Amino acid sequence: MKKVAVVGYGNTKFTKDELPIESLLLESTKQVFDTTKNLSQDLIDGVIVSTNDNSKYLGAILSELSGIKPKISHTVEHLCSSGSSAVISGFSYIASGLADTVLVTGADKIGNPGQILEWDKSRGEYDHPIYWASMFTKAHKRQFSTTDEELAIVSAKNHKQAMDNPNAYSHKPYTISEIMNSKNVTEDLRILDCSYSCSGSSSILLTSEENVKRFTDEPIWISGIGQKTNSASFTKNELTTLSSTVTAANNAYKMAKITPQEIDTAEIHDAFSVCELMAVEDLSLTEKNTGAMYVRNLFNTEDRKINPRGGLIGAGHPLGATGIAQIVEITQQLQNKAKNRQVSNAKRGLTHNMSAAATSSTVLVLES
Amino acid sequence: MNKFETELKAGNFVTSECSHCKKIVWPPSDYCDYCFKEVNWRKVSENGTIVELSRKENDVFCITEFENKIRVMGKLDAEIHMAKPGQTVKLTKCLFNDKNGFFFSLENKQ
Ligand SMILES: [Zn+2]
């Protein structure tokens, strides 16, 4: 299996604007071309698009708009973690030798249809994500005595960190009490504990080891991949553990031959505050039942280790772009190019993404 | 509409069950997810157990489990402080118009 590295990237600002999906895809792709040295269209032989948009044939459309005639091109959809899944497709084409250099671009529009899984009849009329998030939150409170303040700290931290991310949807800091007193969406969920669906696009350029030097002196290697799908129906889930995340993380660590303690920074899927508390535990970044204390400590010491770009809560959540935006952030961190967001001495990073209430999860390990 | 939805529209909460290995096939499907044999359809027991619950405005909603396997979300006719996980509820109504609707009441009202 060939080694695969991230050698270029692009990001749009995440906004509430209604923009055509093709324009979004092209915008972050243009940035890859603007910022990657020696890149020309003929060097790209794979174009993978990730989106929940209903438009068809977007791999070919983005290729044509970018003047690329790739060998391989198609779209990947896997709800919230479409972007991570598209990166794994790109990785696999290169690792197997089917392609040399692959552009992976994800985008979604603010009102994209990926937020509700209509197939899941077990949710009845409670099909919006706020309902599964309320079940997770209530169960977490019940089992671990988690408080509203501990949940609010996640949001306060991620909003604060997003202030230094020029592409983030939110550039407003919130105090813990402002978050705790924000509108009740349900008894267990405040509006500021929720991420927002946004319009936005992110791209990365992947290539094999023998091509790396052409594009960059600072390749970031994808050294571990783990994925797990347990079901599509939310109600089959355990409520206090993201069990698909546990399996995906263990597989990613095993492939990268590292322990969780060797992770210096991580972008994790905080669709709702409770998800970050669960994820830091289920990724083994801290022990079970210490997630709230762990995150409080990060917040109090202004340690940006978790969700340095602001996570989904701070940066916004354009579903198809999110998994790729996470990788762009970790790439910048490991290249020591994250400016005000920089986590000092970051050598290894992780991205964690999940779909439909963690019925499936994806974990990637990256190394400089 | 599939069989599950047609029955739900008629007010019947049904599940698929394997004709061969007798496992409950949930969510409803045309074939057994274990042995891929044909399924039969039957009514689900009307007594379930609360798995977890929360509240949106005055609506209490919960995950209820039936027959140790079948879990659905629905509306609970109770004050939230009266109910907790593990408690038995009764399915009082189900419907289908575009979306499923499940309605529960507490079995032993005090
Ligand atoms: Zn069977």
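Between region A:144-204 and region B:23-48, how many Å separate their Cα centres? Region A:144-204 and region B:23-48 have Cα centres spaced 41 Å from each other.
Within the set A:138/B:69; A:254/A:305; B:9/B:69; B:43/B:93; B:9/B:93, which residue pairs have Cα atoms separated by over 19 Å? Beyond 19 Å between Cα atoms: A:138/B:69; A:254/A:305; B:9/B:69.
Of all the options A:180, A:135, A:163, the one that moves most in a Gaussian network model of chain A with Cα springs shorter than 10 angstrom is A:135. The per residue volume of the convex hull around the alpha-carbon atoms of region B:3-43 is 51 Å³. Potential lengthening of the chain between residue A:18 and residue A:301 amounts to 98.1 nm, from the contour at 0.36 nm per residue minus the alpha-carbon distance.
Averaging 1/r over each pair of different alpha-carbon atoms in region A:117-220 and inverting the result gives 16.9 Å, the Kirkwood hydrodynamic radius. Between residue A:213 and residue B:97, the modelled label-to-label distance comes to 7.1 nm, taking each label 7 Å out from Cα in the direction of the beta carbon. So what's the Cα pair-distance distribution over region B:47-106, bin width 5 Å, in %? All Cα pairs, binned at 5 Å, distribute as 4, 21, 34, 24, 12, 3, 0 percent. Helix A:243-256 versus the longest principal axis of chain A: what angle, 0 to 90°, nearest 10, using Cα atoms? Tilt of helix A:243-256: around 40 degrees. Other protein chain C-beta atoms within 10 Å of residue C-beta, averaged over B:90-97: 1. Return the tail of the calculated pair distribution for region A:52-108, meaning the percent of Cα-Cα pairs more than 15 Å apart. Of all Cα-Cα distances in region A:52-108, 48 percent exceed 15 Å. Between residue A:77 and residue B:1, the FRET efficiency from the beta-carbon distance, with R0 = 30 Å, is close to 0.75. Of the beta bridges in region A:233-368, as assigned by DSSP with both residues counted there, near 65 percent are antiparallel. Each residue was assigned an accessible area with a 1.4 Å probe, and for residue A:18 the value is about 130 Å².
Keeping the other protein chains in place, figure out the carbon and sulfur percent of the accessible area of the protein assembly as shown, with a 1.4 Å probe.
47 percent
Counting Cβ atoms of other protein chains within 10 Å of each residue's Cβ and taking the mean over peptide A:182-189 gives 3. Each of B:71, B:55 has its accessible area taken with a 1.4 Å probe; listed largest first, they run B:55, B:71.
I'd like the mean, over residues of A:125-131, of how many other protein chain beta carbons sit within 10 Å of each residue's own Cβ. Please report the intermediate quantities before stating the final value.
Details: counts 12, 14, 3, 1, 0, 2, 5.
Mean partner shielding for this stretch: 5.
Based on Cα contacts under 8 Å between residues 6+ apart, chain B shows a relative contact order of 22 percent.
For chain B, what is the calculated [θ] at 222 nm in deg cm²/dmol (nearest 500), taking -39500 (n - 2.57) for each run of four or more DSSP H residues and dividing by its residue count?
Helix-only estimate at 222 nm: -1500 deg cm²/dmol.
Site pair residue A:236 and residue A:191 shows an inter-label distance of 3.6 nm when each label is modelled 7 Å from Cα along Cα→Cβ. Got a sec? Which residues of region B:67-83 lose 40 Å² or more of accessible surface with every protein chain in place, vs. that chain alone, 1.4 Å probe? The answer is B:71, B:73 - residues whose exposure falls by at least 40 Å² when every protein chain is included. Counting Lys and Arg as +1 and Asp and Glu as -1 over every other residue whose Cβ lies under 12 Å from the Cβ of residue A:51, the net charge comes to -2. Largest accessible area first, the residues A:171, A:140 order themselves as A:171, A:140 under a 1.4 Å probe with ligands, DNA and RNA left out. Taking packing as the residue-averaged number of other Cβ atoms within 10 angstrom, the listed peptides A:59-68, A:346-355 run from highest to lowest as A:346-355, A:59-68. Global dimensions of chain A from alpha-carbon coordinates: Rg and Dmax equal 18.9, 57 Å. Remark: accessible area buried at the B-A interface is about 2200 Å², both chains counted, probe radius 1.4 Å.
Per residue, the protein assembly as shown exposes 40 Å² of solvent-accessible protein surface, assessed with a 1.4 angstrom probe and all protein chains in place.
The mean sequence distance of close C-alpha pairs (under 8 Å, at least 6 residues apart), as a share of the length of chain A, puts its relative contact order at 26 percent. Note on residue A:336 and residue A:2: their simple-model spin labels are 3.0 nm apart, each label 7 Å out from Cα toward Cβ.
The values are calculated or read from the model by the stated rules, or taken from the named source; none is laboratory data. Model, not experiment: these values are computed from the prediction. Please note: Cβ atoms are built from the backbone with ideal geometry, for glycine as well, and neighbour counts cover all protein chains shown. Quick note on the areas: whole protein, heavy atoms, side chains included, nothing else; ligands and nucleic acids left out. Shrake-Rupley method; radii C 1.70, N 1.55, O 1.52, S 1.80 Å.
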